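Structure record follows, encoded as structure tokens.
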Amino acid sequence: MLRPTWIEIDLRALSDNVQTVREKIGNQIKLVAVVKSNGFGCGAEKSAIAAIKGGADAVAVGNPEDAIEIKRNNKNISVILYGSTVPESAKEIAETGAIVTLHDLESLRAFAALNFSVDAYMKVEVGLGRLGIEPQHWDTALKEIRESKALRLKGIYTHLNAPENRQWIDTQMIQYSLACEKANSAGFDDFTKMVASSHVMIAHDDLYCDAVNPGRCLFGLLEGTWRDRLDMKPVIRKIRSQIIQVKEFSPGDVVGYLGTSPINQNKKLAVVPIGFGEGFNHLVPLGEVLVNGSRAPAIGRRGIEHTVIDVSGVPSVSVGAEVVLLGCQGQDEITASEISDWLKIPVLELLPRLARSLPRKYIE
């Protein structure tokens, strides 16, 4: 790795987190590990393998390319593809070997028209207002699935809204139960019921149904009070770089772009080869980093591939010194929550964005 900047992905932590969820839900409930968005930036295939190793029964993705990547070398991993495609792509999508999602009548009819068998989950809309077949179309959808020679209904799932509001959850579950009852009446009696993504699974253990489909919690991306309710290890563990230049500056010198105020005292500044091109921000506040076990603030504006840090108070700084932007060094730690607060970006958005952009080193 010629450019000394990378992110560390702990696949052992992912397997351990899956095992923690398995212990929570028991062995009778199917565990579908959601590794969407390229494994939340950690790599779809590697994340899927780690999840299965930890005890997941299947994985779910939202991008057909992720499904292709996983299935290419892992034919035996069951992959559910969430709704993300247009009807014209039905044949190519089905040929990936993934279990497809029927999220509206158009997608259903496109898959039903194929001349080979297709395993499918039907997604129903019960209150989130996003993808899902709406209640007025459930009877039609189930009738057409029953009459199709291609479709094999493997499950019915939904995405519940407002997991912290039990009254609203119950209202949605009434609708979901009605969809399942209609499926029974249409002659389907062997399908998986699934409604519990991460927050629902944590808050409502009576809604495990036949399967749960957590994602963010498996990667240690819970925030706020949710983080305290289930002990998950961080999978995106550390972001490291190295100093590539150290310079001394005097009062009156300008560091950075036009419009930056001159510095007012002697300073020692260092340059780190990581910038907003990797997913950090351009404008202040830029937060802090760790160098030689001490905190050093990032200053000025961040460049697309460089960050300037003030190491005036850090002893023995030289070119090549390790810089930690996330994780531990010495007795201190820069946490994901700290970075989130500095940059005003939620952890769920920030860490996967960085993981997708930075070179990865895996701990397996």
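Some values worked out for this structure:
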| read-out | value |
| --- | --- |
| Condition met for residue 45 (in a helix (DSSP H, G or I) and buried (at least 17 other Cβ atoms within 10 Å of the Cβ)) | yes |
| Top-ranked residue of region 2-39 - restricted to ones that are in contact with a strand residue (DSSP E or B) (Cβ under 8 Å, 6 or more places away or on another chain) and of a type in the set (Asp, Glu), ranked as surrounded by the fewest Cβ atoms within 10 Å (Cβ to Cβ) | 8 |
| Residue that is farthest from residue 155 (Cα to Cα) [pool: residues in region 97-111 that are in a helix (DSSP H, G or I) and of a type in the set (Gly, Ala, Ser)] | 110 |
| Pairs with Cβ under 6 Å, 6+ apart, first in region 347-361 and under 18 Å from residue 218 (Cα atoms), second of a type in the set (D, E, K, R) | 347/223; 348/216 |
| Residues being surrounded by 15 or more Cβ atoms within 10 Å (Cβ to Cβ) and of a type in the set (Asp, Glu) - total across region 99-123 | 2 |
| Candidate set: region 222-270, residues that are of a type outside the set (Ser, Thr, Tyr), exposed (fewer than 13 other Cβ atoms within 10 Å of the Cβ) and part of a helix (DSSP H, G or I); chosen: the one nearest to the chain's Cα centre (by Cα) | 224 |
| Subset of region 245-260 [at pLDDT below 75 and of a type in the set (Val, Ile, Thr)] | 260 |
| Per-region count, region 301-323, residues touching a strand residue (DSSP E or B) at 6+ places or on another chain (Cβ under 8 Å) and farther than 14 Å from residue 280 by Cβ | 12 |
| Options 303, 320, 313; residue that is in the same structural domain as residue 265 (by TED's automatic domain parsing), more than 23 Å from residue 235 (Cα to Cα), surrounded by fewer than 19 Cβ atoms within 10 Å (Cβ to Cβ) and touching a His at 6+ places or on another chain (Cβ under 9 Å) | 303 |
| Meets criteria (of a type in the set (Val, Ile, Thr), surrounded by fewer than 21 Cβ atoms within 10 Å (Cβ to Cβ) and within 21 Å of residue 58 (Cβ to Cβ)) for residue 96 | yes |
| Residue count for region 139-181, restricted to those that are among the acidic types (Asp, Glu) and buried (at least 16 other Cβ atoms within 10 Å of the Cβ) | 1 |
| Flag if residue 114 is over 26 Å from the mean Cα position of the chain (by Cα) and part of a loop (DSSP other than H, G, I, E, B) | yes |
| Residue 156 being touching a Lys or Arg at 6+ places or on another chain (Cβ under 9 Å), in the same structural domain as residue 207 (by TED's automatic domain parsing), closer than 16 Å to residue 34 by Cβ and β-branched (Val, Ile, Thr) | no |
| Cross-chain or 6+ apart pairs with Cβ under 7 Å, region 308-327 first and at positive phi, then in a loop (DSSP other than H, G, I, E, B) | 316/292; 320/243 |
| Any hit, region 63-79, residues being over 21 Å from residue 153 (Cα atoms) and among the hydroxyl-bearing types (Ser, Thr, Tyr) | no |
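The values are calculated or read from the model by the stated rules, or taken from the named source; none is laboratory data. Computed from a predicted structure; not experimentally measured. Every residue, glycine among them, receives a Cβ derived from its backbone with ideal geometry; neighbour counts consider all protein chains shown.
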